[in-house]
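Working notes for the structure below.
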Amino acid sequence: MPFFRIRREAKLLLLFFIWFMVAWFSYYGIQSSSFSSRTQYLQIHLSSIIINTIAPNEKITMHGDLISSQGLPIVRIDTECDGLIGIFFLTAALFAFPMRLKHKITGMLTGGVFLFLMNFGRIIGLYYVLKYKPQFATFMHIYIGQSLFIFAGVAFFLGWVSRFSVINGNS
């Protein structure tokens, strides 16, 4: 069966898969590069600044991949905690969906910044849970933090395509 005879939904799914695989392999290609360590540093550094701004008594410092409070290590930020995989999911979904290229690119940039900022909230929230209620850390990290991050990405995608999709007659 030729590609152009496949149902629209199957085309969208195939395009999403292709875009996601391109992003996924690119991500693991840059994992060993300086880009990944810069992204990790940016996440740790900005999270430390935000916590120190909100609560100066925490006396946050960074040591490599650790956020410490008053000399005690509290949170370790791995390179996989940078939110880029979620941003790649969003990018793949936007590029697979029928809309103008300018809306795809704008959505990718806007959504990427939105999810990047959401990830700061996730890191900062995890810091406070680990410091004050460490018994809830695993639950908060795996179930709450990641679920909220995924929900935010899906909500952004749905809002964006409902406004700019070609299917709805928007242009």
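For (1) loosely packed, with under 12 Cβ neighbours inside 10 Å; (2) touching a residue at least 24 places away in the same chain (Cβ under 8 Å); (3) under 22 Å from T79 (Cβ atoms), each residue gets a yes or a no:
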{"site": "N119", "(1), (2), (3)": "no, yes, yes"}
{"site": "R122", "(1), (2), (3)": "no, yes, yes"}
{"site": "T138", "(1), (2), (3)": "yes, no, yes"}
{"site": "I144", "(1), (2), (3)": "no, no, yes"}
{"site": "I150", "(1), (2), (3)": "no, yes, yes"}
{"site": "F157", "(1), (2), (3)": "no, yes, no"}
{"site": "W160", "(1), (2), (3)": "no, yes, no"}
{"site": "V166", "(1), (2), (3)": "no, yes, no"}
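Can you pull out the residues in segment 82-106 that are more than 17 Å from L12 (Cα to Cα), buried (at least 19 other Cβ atoms within 10 Å of the Cβ) and either touching a Leu at 6+ places or on another chain (Cβ under 6 Å) or hydroxyl-bearing (S, T, Y) (or both)?
Hits for segment 82-106 are G83, G86, I87.
List pairs: first residue in segment 9-35 and exposed (fewer than 14 other Cβ atoms within 10 Å of the Cβ) and part of a helix (DSSP H, G or I), second residue at pLDDT below 80 and hydrophobic (A, V, I, L, M, F, W, C) anywhere in the structure, Cβ distance under 8 angstrom, at least six positions apart or on different chains.
L14/I6
All but one of (1) over 30 Å from P98 (Cβ atoms); (2) in contact with a helix residue (DSSP H, G or I) (Cβ under 9 Å, 6 or more places away or on another chain); (3) surrounded by 12 or more Cβ atoms within 10 Å (Cβ to Cβ) hold for Y41; state the number of the condition that does not hold.
With (1) over 30 Å from P98 (Cβ atoms); (2) in contact with a helix residue (DSSP H, G or I) (Cβ under 9 Å, 6 or more places away or on another chain); (3) surrounded by 12 or more Cβ atoms within 10 Å (Cβ to Cβ) applied to Y41, the lone miss is (2).
Which condition number in (1) within 30 Å of L14 (Cα to Cα); (2) surrounded by 17 or more Cβ atoms within 10 Å (Cβ to Cβ); (3) over 17 Å from the mean Cα position of the chain (by Cα); (4) modelled with pLDDT of 90 or more is the one that S48 fails?
Result: S48 passes all but (1).
Kindly establish whether A155 is modelled with pLDDT under 90, among the hydrophobic types (A, V, I, L, M, F, W, C) and within 30 Å of F20 (Cα to Cα).
The answer is no for A155.
What are the residues in segment 58-114 that are modelled with pLDDT of 85 or more and among the hydroxyl-bearing types (S, T, Y), if any?
Matches in segment 58-114: T61, S68, S69, T91, T106, T110.
The values are calculated or read from the model by the stated rules, or taken from the named source; none is laboratory data. Quantities reported herein were computed from a predicted structural model and do not represent experimental measurements. With ideal geometry, Cβ positions are generated from the backbone for all residues, glycine too; neighbour counts draw on all protein chains shown.
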